[in-house]
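Here the structure comes first, spelled out in structure tokens, and everything after it is commentary.
Every read-out reported here was derived from the displayed coordinates using simple, explicitly stated rules and does not represent laboratory data. This structure is a prediction, so every number in the text was calculated from the model and none was measured. Note: ideal-geometry Cβ built from the backbone for every residue, glycine included; neighbour counts use all protein chains shown.
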Amino acid sequence: PEIGSDPNRTYRLGIMGGTFDPIHYGHLVTAEQAREALGLDLVLFMPAGSPAFKLDQEVSSPEDRYAMTVLATAANEAFYTSRLEIDREGVTYTVDTLTYLREQYPSNVHLYFITGADAILDIVSWRDAGQIAELATLIAATRPGYDITQARERIEASGFPFDVRYIEIPALAISSTNIRQRVALGKSARYLTSESVIGYIRKNHLYRKSDSRRKDA
Ligand code: ATP
Ligand code: MG
């Protein structure tokens, strides 16, 4: 998408990374409120190809996860879904994605990496954390009542120059794991994600039995 074209202004590009197996309203509300709170021009949803943290788990095919992400984000004019990571061979690391985007866009485009509360504590141990800190501002989504003290301390102790903006997202205990479990048990997953994603899951028999999911796909 067109971003960075006017040299006289700065642009703010959000990146929402995830496995998105499937994408759900937790991801979407977080991205939308991050967009609003930080004034992001665009949010790129970036389904992971072969997620670094999930190599030991079965994950739906990249094309299924990409399709669901497109369906769920299609109606928001500030949201786009990127094929960058799913088209790349091998394990996905955030530092590689941010480095690539930094090279693609001019310097008047600032990068914001959006992440949920569960990932904040780990960020200092991600591959090339120091480089990540220099490439992007971090938007850390927390739940109301979540204590950010530990995260702040750990980030400070790392010595890396992380710029972290904390935003509170209400009432989001939704997880992809819970949706997969509900579908596997024949339970309803409606209203945890969009109707289009619910329909896609049903039509493509996702999460029903292990042979519909490919390992390392
Ligand atoms: P799984 O249960 O398979 O781990 P997930 O629901 O955690 O899936 P991911 O694709 O792993 O979803 O998460 C992508 C990003 O979205 C991560 O930064 C994660 O912290 C964040 N995230 C996940 N669920 C929520 C939620 N309910 N509210 C806000 N952020 C979330
Ligand atoms: Mg997760």
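Test of understanding: ordering E36, E85, E103 by Cβ neighbours within 10 Å, fewest first, what list do you get?
E103, E36, E85
Using modelled amide H (1.01 Å from N, peptide plane; none on Pro or chain starts), what sits under 5 Å from the amide H of Y166, excluding residues fewer than 5 places away?
Close amide H contacts, sequence-distant or interchain: A140.
Using θ = phi - 60° and the Karplus form 6.51 cos²θ - 1.76 cosθ + 1.60, what ³J(HN,Hα) does each residue of segment 103-115 get, whole Hz, x for Gly and Pro?
6, 6, 9, x, 6, 7, 9, 9, 9, 10, 9, 9, 8
Which percentage, to the nearest 5, of the DSSP beta bridges contained in the chain is antiparallel?
That works out to approximately 5 percent antiparallel.
Could you put I3, I198 in order, starting from the residue whose Cβ has the fewest other Cβ atoms within 10 Å?
I3, I198
By how many degrees, between 0 and 90 and to the nearest 10, does the Cα long axis of helix 149-158 differ from the longest principal axis of the chain?
Helix 149-158 sits at roughly 60 degrees to that axis.
Mind checking which of Y207, S125, A140 is farthest towards the positive end of the chain's charge dipole, using Cβ charges of +1 (Lys, Arg) and -1 (Asp, Glu) about the Cα centre?
With unit charges placed on the Cβ atoms, the residue in question is Y207.
May I ask you to derive the relative contact order of segment 11-174, considering only C-alpha pairs under 8 Å and at least 6 residues apart, and to give it as an integer percent?
It comes to 25 percent, rounded to a whole number.
Angle check, please: helix 25-38 long axis (alpha carbons) against the longest principal axis of the chain (alpha carbons), in degrees 0 to 90, nearest 10.
It works out to around 20 degrees.
Given the C-alpha centroids of segment 1-46 and segment 63-94, what is the distance between them in whole angstrom?
So the separation of the two Cα centres works out to 12 Å.
Of I148, I15, how do they rank once you tally other Cβ atoms within 10 Å and put the fewest first?
Listing I148, I15 from fewest to most nearby Cβ atoms yields I148, I15.
Just to check I understand the Karplus step: with θ = phi - 60° and J = 6.51 cos²θ - 1.76 cosθ + 1.60, what whole-Hz values come out for segment 72-88, glycine and proline as x?
Values, residue by residue: 6, 9, 4, 7, 9, 5, 9, 9, 9, 10, 9, 8, 3, 6, 6, 8, 8 Hz.
Let me know the shape class of segment 1-47, please: from the alpha-carbon gyration tensor, a ≥ b ≥ c as square roots of the eigenvalues, rounded when a/c is under 1.5, otherwise prolate if a/b is greater than b/c, or oblate.
Cα axes put segment 1-47 in the oblate bin.
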